[in-house]
Amino acid sequence: MPGYEIWGEEEQKEIQDVLDSSILMRYNFENLRNGHWKAKEFETEIARKLNVKHVQLTSSGTTALITAIRSLGIGAGDEIILPVFTFVASFEAILFTGAIPVFANVDETLALSPSAIKSAITPRTKAIMPVHMCGAMADMDPIMDIAKAYNLAVIEDACQAIGASYHGNYLGTIGDVGCYSFDFVKTVTAGEGGAVFTNDQNIYTFSDQFSDHGHDHIGHDRGAEQHPILGLNFRISELHAAVGLAQWRKLDVILNRQRLIKSKMKEILSQEKTIGFRKIPDPNGDNASFLSIFLENENLTRNMAKKWKENGIACAYWYDNNWHYIRKWQHFKKLKKEKWLYPEHRDLLPDYENQDFSASDSIISRTITFPISLKWTDEEVAAKSRQILEILQSHKVKI
Ligand SMILES: *Cc1c(COP(=O)(O)O)cnc(C)c1O
């Protein structure tokens with residue numbers, strides 16, 4: 001799963017380059033930096049790999065999402081449709097631009113259901129934000145069709161799907177703008193970091209400026225630069241970029257290993273006919289950082305998650321999780337009373353606590369996700385998979 005599992009000399013060398021000059025800032029200081037431009041180099045390498053024109057690194061995936069939303073001119077009172085199964089950051093990013101997060105159901109892809117998107121569209125809707133959860137993709141063709149038909153922007157949250165693709169295109173490059181996170185537990189890590197990427201020159205120029213207080217980055221004298229827009233400091237540091245750059249070069253190694261492990265696990269788990277598997281619209285594009293399965297009902301699923309964990313098998317039961325699935329989001333209880341939100345903004349927010357997402361409940365309540373570790377040997381993969389199977393089968397005999 002995470003790149004930190006294969007930390008090595010490569011990361012240390014890139015960091016040392018930066019330390020040798022003492023220039024930890026990604027911009028300017030040309031004469032002092034011994035020719036190192038780790039953030040720029042990292043951006044260039046991402047662009048080349050993803051076959052996308054522009055990449056802007058940021059301080060996190062969250063700040064990448066905020067930058068992407070603002071770069072589309074979306075803000076106060078505009079609605080963005082996102083899935084009920086996500087990470088709280090995608091909700092936060094929308095809210096903190098002044099926009100309105102509007103939830104829609106997921107289907108067995110564990111990502112936005114195209115028909116649910118359609119039902120969620122209102123005259124205020126400006127964008128759809130598919131979130132490619134747990135390494136695999138939303139079904140982008142029907143989503144892009146809806147976006148075209150209703151003239152909506154598409155912001156892809158690909159933070160959990162680094163290196164994953166859909167019919168030959170990397171996730172994040174299919175909509176108007178895509179975002180990655182390089183936080184500590186992601187497929188490629190920089191410690192902290194994120195990226196906004198796009199083929200649209202205007203989105204890129206805005207992102208480049210917005211993430212650095214509006215600096216236009218023209219010329220060599222920071223003091224003489226123009227500031228066409230207001231922005232924030234969402235910059236990545238050279239130290240983080242150095243780590244990310246070394247990690248990025250390991251991406252294919254990471255993906256190959258994860259895919260091999262996942263197919264082996266799937267092969268073994270398929271022996272149990274009551275196990276269902278997440279629907280993956282393009283299996284070849286899965287980054288394979290996780291394996292998600294469906295069991296028969298909520299009770300069995302919750303019990304099995306407990307049993308597997310007790311037996312040392314890492315797994316997530318999202319239905320009871322309070323920052324990935326909407327059902328347990330305590331934040332909603334206070335939202336309508338938050339004083340820092342403008343009253344108009346608060347009033348436009350849906351009554352999140354009382355919306356009906358039973359269609360998603362019936363899927364997520366039966367979902368368990370196993371993280372895939374790069375450290376497992378082939379023997380461990382086989383043994384673990386058999387152990388998962390045996391624990392399930394012995395439990396089922398008892399009930
Ligand atoms: C990690 C993550 C983010 C946010 O990234 P950070 O770098 O931690 O800010 C956003 N969306 C999803 C789906 C994520 O998993």
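The values are calculated or read from the model by the stated rules, or taken from the named source; none is laboratory data. These numbers come from a predicted model, not from an experiment. Every residue, glycine as well, gets a Cβ built from its backbone with ideal geometry; the counts of neighbours run over all protein chains shown.
Brief remarks on what is shown
- Among the criteria (1) assigned to a loop (DSSP other than H, G, I, E, B); (2) of a type outside the set (Asp, Glu); (3) in contact with a helix residue (DSSP H, G or I) (Cβ under 9 Å, 6 or more places away or on another chain); (4) surrounded by fewer than 12 Cβ atoms within 10 Å (Cβ to Cβ), the one Lys333 does not fulfil is (1).
- With respect to the stated conditions, Gly244 is in contact (Cβ under 8 Å) with a residue 12 or more places away in the chain, of a type in the set (Gly, Ala, Ser), touching a helix residue (DSSP H, G or I) at 6+ places or on another chain (Cβ under 6 Å) and outside any loop (DSSP other than H, G, I, E, B).
- Check on Ala224, farther than 24 Å from Glu9 by Cβ, without any contact (Cβ under 8 Å) to a residue 40 or more places away in the chain and either buried (at least 24 other Cβ atoms within 10 Å of the Cβ) or within 11 Å of the ligand (Cβ to nearest atom) (or both): no
- Residue in the range 161-171 that is within 16 Å of the ligand (Cβ to nearest atom) and more than 20 Å from Asp282 (Cα to Cα) present: no
- Residues being within 11 Å of the ligand (Cβ to nearest atom), surrounded by fewer than 24 Cβ atoms within 10 Å (Cβ to Cβ) and not aliphatic (A, V, I, L, M) are represented in the range 190-203 by at least one member.
- Per the conditions (1) more than 20 Å from Val84 (Cβ to Cβ); (2) touching a helix residue (DSSP H, G or I) at 6+ places or on another chain (Cβ under 7 Å); (3) aliphatic (A, V, I, L, M), the sole criterion not satisfied by Ala224 is (2).
- Among residues of the range 47-73, those that are part of a helix (DSSP H, G or I) and either farther than 17 Å from Trp248 by Cβ or within 15 Å of the ligand (Cβ to nearest atom) (or both), counted: 11
- Only residues that are in contact with a helix residue (DSSP H, G or I) (Cβ under 9 Å, 6 or more places away or on another chain), modelled with pLDDT of 95 or more and not acidic (Asp, Glu) were counted in the range 378-396, giving 10.
- Qualifying residue in the range 48-64 (condition: farther than 19 Å from Asp212 by Cα and without any contact (Cβ under 8 Å) to a residue 60 or more places away in the chain): yes
- Residue list for the range 137-151, filter: more than 12 Å from the ligand (Cβ to nearest atom) and either at pLDDT below 95 or in a loop (DSSP other than H, G, I, E, B) (or both): Met137, Asp139, Asn151
- For Asn303: the one exception among (1) over 26 Å from the mean Cα position of the chain (by Cα); (2) surrounded by fewer than 13 Cβ atoms within 10 Å (Cβ to Cβ); (3) part of a helix (DSSP H, G or I); (4) polar (S, T, N, Q): (2)
- In this structure, Ile117 does satisfy being within 26 Å of Gly168 (Cα to Cα) and either more than 13 Å from the ligand (Cβ to nearest atom) or of a type outside the set (Val, Ile, Thr) (or both).
- Matching residues in the range 20-39 - criterion: being closer than 21 Å to Ser59 by Cα, out of contact with any Leu (no Cβ under 9 Å at 6 or more places or on another chain) and assigned to a helix (DSSP H, G or I): none
- Any hit, the range 111-119, residues being aliphatic (A, V, I, L, M), in contact (Cβ under 8 Å) with a residue 40 or more places away in the chain, more than 22 Å from Arg249 (Cβ to Cβ) and surrounded by fewer than 20 Cβ atoms within 10 Å (Cβ to Cβ): yes
- Residue list for the range 343-391, filter: over 13 Å from Ile326 (Cβ atoms), surrounded by fewer than 21 Cβ atoms within 10 Å (Cβ to Cβ) and among the hydrophobic types (A, V, I, L, M, F, W, C): Leu348, Leu349, Leu374, Trp376, Val381, Ala382, Ala383, Leu389, Ile391
- The condition (being within 15 Å of the ligand (Cβ to nearest atom), part of a strand (DSSP E or B) and at pLDDT 95 or above) is satisfied by just one residue among Phe103, Phe91: Phe103.
- Close pairs from the range 68-84: first in contact (Cβ under 8 Å) with a residue 24 or more places away in the chain and under 20 Å from Arg346 (Cβ atoms), partner among the small types (Gly, Ala, Ser) and surrounded by fewer than 21 Cβ atoms within 10 Å (Cβ to Cβ), Cβ under 6 Å, at least 6 apart: Gly75/Gly98; Ala76/Gly98; Ile81/Ala120
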